[in-house]
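What follows is one structure encoded as structure tokens, with my remarks underneath.
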Amino acid sequence: MRKAWIVASVAISSALAFVMLLVVGVYLVAGNLVNGVSGGAKSLAKGSVPAAYAALVQKWGNLCPAISPALLAAQLYQESGFNPRAQSHAAAQGIAQFIPGTWASHGIDGDGDGDRDVWDPKDAIPSAASYDCELASYVKKVGGNPTENMLAAYNAGAYAVIKYGGVPPYSETRNYVKRITTLSESFAAPVGRVDPSEQAAAAIEYAQKKLGTPYLWGGTGTAEQGGRFDCSGLTQAAYETVGIKLPRVANDQYNAGPHPSRDELLPGDLVFFSDDLTNSRAIRHVGIYVGGGYMIDAPRTGAVIRFDPIDTPDYFGATRVTEDGAKALPTTV
């Protein structure tokens, strides 16, 4: 159970709320002055890929120039949520969701043990990278962005990319290309300061209004639930007020944007906590950072929405929520 910082009285709570509003005001001014750069390096963000697969993704994500570890991670997350036993209704199998016919022609023995097993990430992850690079080679003479052309070939086939001289004018394909390239930013370690979210202040304001509300496991703030929340229900509702739809659970909310370091946190960033600091899929708690080392969160059954410190041993990391990042997330993983 995490240690809690409890507001001692209504007077102190009101004073802190006022201080937090001042922080938000300062943040808004600062946000107008910052020209930060969001983006991804070739290396993976801390814990964004489960530790069991991180080395494989880092290695095979550099197989050819059209892909990167972050892009490969985004594809695996989109396809299976890093579940090596995933199976779809369309018979797609494993962590990379190969259909049997594609696996038969493109699966490789990634770990050199003499077999090609679609259920083994040591084969499936290298096969996904190899297949990406094979598609990239098919469309390498096409003008435009080679990564986008590769993704378009993955979705619509290489012939369509060659025919149209780039990403074909199919809404499904264009949405797929944008979704994966955007999602890849949440798996890449930022190379510089990331842009502050314009919606962050309003999200904090919403959460502040819920201070003192009793926690409810599974709560999303509905009237039937008495307006109560659990941790991810609160963060989801706060950002929904500014038009950003986050996933329901905390470990998926982690992928809604790039990841600022601890000393780069700004009010409005989501902060995450886990008992396994190597695996974002194990995240179990989330709050909204408000500055000064504190967050607003819905901590646990028997507690109320309150201010808590973030600098605890289970602090995992943070996400600067972006509208495009949230839209890129799969609805089910």
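The values are calculated or read from the model by the stated rules, or taken from the named source; none is laboratory data. Every value quoted in this text rests on a predicted model; they were computed, and no experiment measured them. All Cβ positions, glycine included, derive from the backbone under ideal geometry; neighbour counts span all protein chains shown. Quick note on the areas: whole protein, heavy atoms, side chains included, nothing else; ligands and nucleic acids left out. Shrake-Rupley method; radii C 1.70, N 1.55, O 1.52, S 1.80 Å.
Between GLY107, GLY114, GLY94, the distinction of being open to solvent by 50 Å² or more (accessible area, probe 1.4 Å) and without any contact (Cβ under 8 Å) to a residue 60 or more places away in the chain belongs to GLY114 only. Considering only residues in segment 282-333 that are of a type in the set (Lys, Arg) and touching a Lys or Arg at 6+ places or on another chain (Cβ under 9 Å), the one that is farthest from TRP217 (Cα to Cα) turns out to be LYS327.
Yes/no matrix, rows are residues, columns are (1) under 26 Å from the mean Cα position of the chain (by Cα); (2) basic (Lys, Arg); (3) more than 21 Å from TYR159 (Cα to Cα); (4) outside the structural domain of LEU183 (by the TED database):
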residue	(1), (2), (3), (4)
ALA73	yes, no, yes, no
PHE82	yes, no, yes, no
GLY114	no, no, yes, no
ALA124	yes, no, yes, no
ALA136	yes, no, no, no
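Residues in segment 219-235 that are closer than 24 Å to THR312 by Cβ and surrounded by fewer than 20 Cβ atoms within 10 Å (Cβ to Cβ): there are none.
Going by what's in this entry, would ASN145 be described as over 20 Å from the mean Cα position of the chain (by Cα), crowded, with 22+ Cβ neighbours inside 10 Å and modelled with pLDDT of 95 or more? Answer is no for this residue. The residue list GLU185, GLU198 contains one member that is more than 24 Å from ARG284 (Cα to Cα), open to solvent by 40 Å² or more (accessible area, probe 1.4 Å), under 20 Å from the mean Cα position of the chain (by Cα) and among the acidic types (Asp, Glu), which is GLU198.
Of the candidates ASN83, ASN62, the single residue that is open to solvent by 30 Å² or more (accessible area, probe 1.4 Å) and within 20 Å of TYR254 (Cβ to Cβ) is ASN83. Within segment 103-147, the set of residues being closer than 19 Å to PHE82 by Cβ and of a type in the set (Asp, Glu) comprises ASP111, ASP117, ASP120, ASP123, ASP132. Give the residues of segment 120-142 that are β-branched (Val, Ile, Thr) and open to solvent by 10 Å² or more (accessible area, probe 1.4 Å), sorted by residue number. Residue satisfying the conditions is VAL142 alone.
I'd like to know if segment 236-246 contains one or more residues that are in a helix (DSSP H, G or I), open to solvent by less than 10 Å² (accessible area, probe 1.4 Å), in contact with a strand residue (DSSP E or B) (Cβ under 9 Å, 6 or more places away or on another chain) and free of Cβ contacts under 8 Å to residues at least 60 places away in the same chain. Yes, segment 236-246 contains a residue that is in a helix (DSSP H, G or I), open to solvent by less than 10 Å² (accessible area, probe 1.4 Å), in contact with a strand residue (DSSP E or B) (Cβ under 9 Å, 6 or more places away or on another chain) and free of Cβ contacts under 8 Å to residues at least 60 places away in the same chain. Residues in segment 157-170 that are open to solvent by 70 Å² or more (accessible area, probe 1.4 Å) and assigned to a loop (DSSP other than H, G, I, E, B): PRO169, TYR170. Restricting attention to segment 171-182, does a residue exist that is assigned to a loop (DSSP other than H, G, I, E, B) and either touching a residue at least 24 places away in the same chain (Cβ under 8 Å) or closer than 19 Å to THR301 by Cα (or both)? No: segment 171-182 contains no residue that is assigned to a loop (DSSP other than H, G, I, E, B) and either touching a residue at least 24 places away in the same chain (Cβ under 8 Å) or closer than 19 Å to THR301 by Cα (or both).
Just to be sure before I move on: is ALA326 in a helix (DSSP H, G or I), out of contact with any Ser or Thr (no Cβ under 8 Å at 6 or more places or on another chain), of a type in the set (A, V, I, L, M) and open to solvent by less than 30 Å² (accessible area, probe 1.4 Å) in the structure I sent? Answer is yes for this residue.
Residues checked against (1) free of Cβ contacts under 8 Å to residues at least 60 places away in the same chain; (2) closer than 24 Å to VAL49 by Cβ; (3) β-branched (Val, Ile, Thr); (4) surrounded by 15 or more Cβ atoms within 10 Å (Cβ to Cβ):
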site: ARG284; (1), (2), (3), (4): yes, yes, no, yes
site: GLY287; (1), (2), (3), (4): yes, yes, no, yes
site: GLY293; (1), (2), (3), (4): yes, no, no, no
site: PRO299; (1), (2), (3), (4): no, no, no, yes
site: PRO313; (1), (2), (3), (4): yes, yes, no, no
site: GLY317; (1), (2), (3), (4): no, yes, no, yes
